[in-house]
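Trainee: Before we start, here is the structure in question, set down as structure tokens.
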Amino acid sequence: MIKNADRIYYGGDYNPDQWDDAAIDVDMKLFKEAGINLVTLPVFSWAKLEPEEGVYDFTWLDKLMDKFLENDIKVCLATPTTAQPAWLSRKYPEVLPVDKQGRKRTHGMRVFFCYNSPKYRERAAAIAEQMAKRYKDYPNLVLWHVANEYGTHCYCPTCEKKFRQWLKNRYGTIENLNEKWMTAFWGRTVYDFDEIMLPTELNDDYRFNPTLNLDYMRFVTDSTIECFENEASILRKYTPNVTIQTNISGHIENLNQFKMTSHMDIVAWDHYPRPQDDKSMRAFKLDLMRGLKGGQSFMMQEQSPNQQNWQPVSKLKRPGEVRMISYEAMAHGSDTCLYFQLRQSVAGQEMYHGALITHGGHGNTRVFREGARLGHELEKIGDTFLGATTRAEVGLIFDWDSWWALEYGAVNCLPQKDFNYIKHMVRYYRPLFEGNIPVDIVGIGGDFSKYKVLYAPYLYMMQGDLSEKLHAFVEQGGTLVTTTLSGMVDENSKAVFGDYPGLLRDLTGIWVEEIDPLEPSEGNRMVMEPGVLPESAYGCEYQCDVIHTEGAEVLAAYGEDFYKGTPCLTEHTYGKGKAYYIATDPDEAFLKDFAARVCGEAGIRPLYPAAENVELTKRSNDRNTVVFALNHNHEATWADFGTDRFVDLLTDREVTGRTEIPAYDVMILKQK
């Protein structure tokens, strides 16, 4: 939760170094009309604030801070270190990154620095300290925003040297590294840490050395955390009561966000769904943000109030779409509604990116009117659900190391080369989401004991005490759902010595003999045992495990190919609980019916009955319980709240029982 917040923060990125004082004065009036109460700045203004090394000029920013104070607008103050000034790149070229192709990049792009460069860190810390000392007593400072959208990978000599030290710290001896990496394969044995090179296109190790590449990804995360802490530690020193974060970009896979966000006070997400994304993909990513810090509320740091101009086709947001997406984010745990950007840039790569205030500089636009409506609704809601959490009885394990190993480290090892981890995870999430069953996205270090059902699809890697935790969860009465591509490697991406699923073999009561990858044009069938699910057979694709049971009950068998009649869905009792193993990639109909079976057996019910395409979520804090009802249909439909009684925070109407929800509209219901 944001420290000392008294309402939902509504506003976003503001870049006033692009226009004059007269335009800024107009903006202040328009902000008031729109209910804007927070601005984020000066994200990209390092060159303006430090025109030469050690020479600072905050005159411009001081004037702005005074103006925001006069207009009662809170400030999320960003350290501008995402875009270093040209003098820094020219004077100290070692701050510039080297890409995977081995090319030394030149000055220009934002987030174009080596996160391990001592000089970059020195100058970044210096300007962070200048800002912290100058504005520590500024009454409207409510948030710190460190840099912006970390995620650059660098392959420079500084990183290579640090990587070797990182490996030495991790493995201790070169003999241990050789054993863990199994370097005997392809004659990769090394006798000194200095013989280890970064995985680049110069050696193709990013494709052909899965363990090296996996450790490099881990190293990048740890290095980026150091880079963040280089500034955050200074901000904490001067402003201990101000919330500190940095925003997660759409390139979410570049860093292990469970580790990264453990160093932040709150998770901050840049929410840019693609026009072709269905609502389950949007919701999954929002639930992932809520899950990164164990179910805490998060920030929607950025979204576009209109088109996103860096997408292949920059579609306009349809009337009501921004409002719907905004409330959906809050329904899944966001305590803010912030835009990139508040006024449209006058030049540059994003000058046609959507903004609350267009190049016209007035409020007579559809986007502004819709934004103002939303702003005043949020004023009315106030602090009702700030910090509120969601109680879920279903957890879905999301593991960055398995993601990296499946998509990057093992891309040339697996039977299939085109695995998309998030898309496959969303397939298991979707029927739960569409059934209005709350789901927590949980990391491997999370607390499994609070769930009745735990989905663990594609849990490729077993590391730490994960196996013991899963065994304890099932033994104590939980239901585990796991799948093909689970339990296959250890933490070093080394295959299990024995049959898959390795450490999960006794838990699932099966073993895998072979894995048959299917061409896109191929498929198979899952022929069900009588009474297991509503249909007698379902389709499946992508790949098929040929498995044998060791105590598990067979619930379905393949209908085609030489392994016709062998199991593809099993259930195994273990202690007080049970573990399901799904040996293939089933179709959507199976996943929906299977989710109904598993949740029904565990006594898990939807929040409330509702028509199709009505999304329901619930958030509770120590003051209120709030239900969000979002009608994604373009005609009115219903939800049935039974005997529970609510007041709609947007209309002040009392709500109970079967209730009509207007077309493409939202109800935010405070329980009485």
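Trainee: Yes or no: Arg369 surrounded by fewer than 22 Cβ atoms within 10 Å (Cβ to Cβ), at pLDDT 95 or above and touching a Lys or Arg at 6+ places or on another chain (Cβ under 8 Å)?
Mentor: no
Trainee: Also: Take region 9-38 and flag every residue that is over 30 Å from Gly291 (Cα atoms), in a loop (DSSP other than H, G, I, E, B) and aromatic (Phe, Trp, Tyr).
Mentor: Trp19
Trainee: On to the next question. Which residues, counting only those in region 83-128, are touching a strand residue (DSSP E or B) at 6+ places or on another chain (Cβ under 6 Å) and charged (D, E, K, R)?
Mentor: Lys104 - this is the single residue of region 83-128 that is touching a strand residue (DSSP E or B) at 6+ places or on another chain (Cβ under 6 Å) and charged (D, E, K, R).
Trainee: Quick one: which of Pro530, Pro534 is closer than 30 Å to Ala392 by Cβ, assigned by TED's automatic domain parsing to the domain that holds Thr483, more than 34 Å from the chain's Cα centre (by Cα) and not in a strand (DSSP E or B)? Lay out the reasoning, then the answer.
Mentor: Numbers: Pro530 fails: closer than 30 Å to Ala392 by Cβ.
Exactly one residue qualifies, and that residue is Pro534.
Trainee: Just to be sure before I move on: is Asn621 under 30 Å from Val532 (Cβ atoms), under 26 Å from the mean Cα position of the chain (by Cα) and touching a residue at least 12 places away in the same chain (Cβ under 8 Å) in the structure I sent?
Mentor: Against the criterion (under 30 Å from Val532 (Cβ atoms), under 26 Å from the mean Cα position of the chain (by Cα) and touching a residue at least 12 places away in the same chain (Cβ under 8 Å)), Asn621 does not qualify.
Trainee: Given the condition more than 30 Å from the chain's Cα centre (by Cα), in the same structural domain as Leu406 (by TED's automatic domain parsing) and either over 18 Å from Ala579 (Cα atoms) or crowded, with 22+ Cβ neighbours inside 10 Å (or both), answer yes or no: does some residue in region 497-506 qualify?
Mentor: yes
Trainee: Let me ask another. In region 461-470, is there at least one residue being buried (at least 19 other Cβ atoms within 10 Å of the Cβ) and small (Gly, Ala, Ser)? Can you show your working first?
Mentor: Initial filter on region 461-470 (buried (at least 19 other Cβ atoms within 10 Å of the Cβ)): 461-462, 466, 470.
From what is left, the residues that are small (Gly, Ala, Ser) are none.
Within region 461-470, not a single residue is buried (at least 19 other Cβ atoms within 10 Å of the Cβ) and small (Gly, Ala, Ser).
Trainee: I'd like the full set of residues that are surrounded by fewer than 19 Cβ atoms within 10 Å (Cβ to Cβ), of a type outside the set (Lys, Arg) and assigned to a helix (DSSP H, G or I), limited to region 110-129.
Mentor: Pro118, Glu122, Ala125, Ala126, Glu129 - these are the residues of region 110-129 that are surrounded by fewer than 19 Cβ atoms within 10 Å (Cβ to Cβ), of a type outside the set (Lys, Arg) and assigned to a helix (DSSP H, G or I).
Trainee: Residues being within 22 Å of Tyr451 (Cβ to Cβ), among the charged types (D, E, K, R), in contact (Cβ under 8 Å) with a residue 60 or more places away in the chain and surrounded by 14 or more Cβ atoms within 10 Å (Cβ to Cβ): count how many of those fall in region 560-592.
Mentor: 2
Trainee: While we're on this one: Looking at Asp66, Asp6, can you tell me which residue is of a type in the set (Asp, Glu) and closer than 30 Å to Gly291 by Cβ?
Mentor: Details: Asp66 fails: closer than 30 Å to Gly291 by Cβ.
Result of the check over Asp66, Asp6: Asp6.
Trainee: Mind checking whether some residue in region 474-485 is in contact with a strand residue (DSSP E or B) (Cβ under 9 Å, 6 or more places away or on another chain), crowded, with 17+ Cβ neighbours inside 10 Å and at positive phi?
Mentor: Yes.
Trainee: Further question: Considering every residue within region 7-14, establish whether at least one is modelled with pLDDT under 95 and either surrounded by 23 or more Cβ atoms within 10 Å (Cβ to Cβ) or within 30 Å of Thr390 (Cβ to Cβ) (or both). Show your work before the answer.
Mentor: Filtering region 7-14 down to residues modelled with pLDDT under 95 leaves 7.
With either surrounded by 23 or more Cβ atoms within 10 Å (Cβ to Cβ) or within 30 Å of Thr390 (Cβ to Cβ) (or both) added as a condition, the list becomes 7.
Yes; the residues of region 7-14 include at least one that is modelled with pLDDT under 95 and either surrounded by 23 or more Cβ atoms within 10 Å (Cβ to Cβ) or within 30 Å of Thr390 (Cβ to Cβ) (or both).
Trainee: While we're on this one: Can you find, within region 238-276, the residue that is farthest from Val142 (Cα to Cα) among those that are among the aliphatic types (A, V, I, L, M) and part of a helix (DSSP H, G or I)?
Mentor: It comes out as Ile252.
Trainee: Next question, about the same structure. Residues of region 234-252 being modelled with pLDDT of 95 or more and surrounded by fewer than 18 Cβ atoms within 10 Å (Cβ to Cβ), which ones?
Mentor: Let us first name the residues in region 234-252 that are modelled with pLDDT of 95 or more, namely 234-248.
Answer for region 234-252, where residues must be modelled with pLDDT of 95 or more and surrounded by fewer than 18 Cβ atoms within 10 Å (Cβ to Cβ): Arg236, Lys237, Tyr238, Pro240, Asn241.
Residues checked against (1) surrounded by fewer than 24 Cβ atoms within 10 Å (Cβ to Cβ); (2) in the same structural domain as Ile252 (by TED's automatic domain parsing); (3) in a helix (DSSP H, G or I):
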residue: Met289; (1), (2), (3): no, yes, yes
residue: Ser304; (1), (2), (3): no, yes, no
residue: Asn309; (1), (2), (3): yes, yes, no
residue: Val313; (1), (2), (3): yes, yes, no
residue: Ser326; (1), (2), (3): no, yes, yes
residue: Cys337; (1), (2), (3): no, yes, no
residue: Gly348; (1), (2), (3): yes, yes, no
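Trainee: Evaluate the following for Asp652: is it surrounded by 13 or more Cβ atoms within 10 Å (Cβ to Cβ), more than 24 Å from Ser280 (Cα to Cα), out of contact with any Gly (no Cβ under 9 Å at 6 or more places or on another chain) and among the acidic types (Asp, Glu)? Please lay out each step first, then the result.
Mentor: Values: surrounded by 13 or more Cβ atoms within 10 Å (Cβ to Cβ): no; more than 24 Å from Ser280 (Cα to Cα): yes; out of contact with any Gly (no Cβ under 9 Å at 6 or more places or on another chain): yes; among the acidic types (Asp, Glu): yes.
Criteria not met by Asp652.
Trainee: Further question: For region 502-512, state whether one or more residues are out of contact with any strand residue (DSSP E or B) (no Cβ under 7 Å at 6 or more places or on another chain) and in a loop (DSSP other than H, G, I, E, B).
Mentor: No; the residues of region 502-512 include none that is out of contact with any strand residue (DSSP E or B) (no Cβ under 7 Å at 6 or more places or on another chain) and in a loop (DSSP other than H, G, I, E, B).
Trainee: Within region 638-649, which residues are loosely packed, with under 14 Cβ neighbours inside 10 Å and within 33 Å of the chain's Cα centre (by Cα)?
Mentor: Asp640
Trainee: List every residue pair whose Cβ atoms sit under 7 Å apart, with the two residues 6 or more apart in sequence or on different chains, where the first one lies in region 96-116 and is within 16 Å of Glu149 (Cα to Cα) and the second, anywhere, is of a type in the set (Asp, Glu) and part of a loop (DSSP other than H, G, I, E, B).
Mentor: Val111/Glu149
Trainee: From the residues in region 130-187 that are hydroxyl-bearing (Ser, Thr, Tyr) and in a loop (DSSP other than H, G, I, E, B), which one is surrounded by the fewest Cβ atoms within 10 Å (Cβ to Cβ)?
Mentor: Thr173
Trainee: Suppose the filter is in contact (Cβ under 8 Å) with a residue 24 or more places away in the chain and within 30 Å of Gly445 (Cβ to Cβ); does Met330 pass it?
Mentor: Yes: the conditions hold for Met330.
The values are calculated or read from the model by the stated rules, or taken from the named source; none is laboratory data. Computed from a prediction, not measured in an experiment: that's the story for all the values here. Counting neighbours? That spans all protein chains shown, and the Cβs are built from the backbone with ideal geometry, glycine included.
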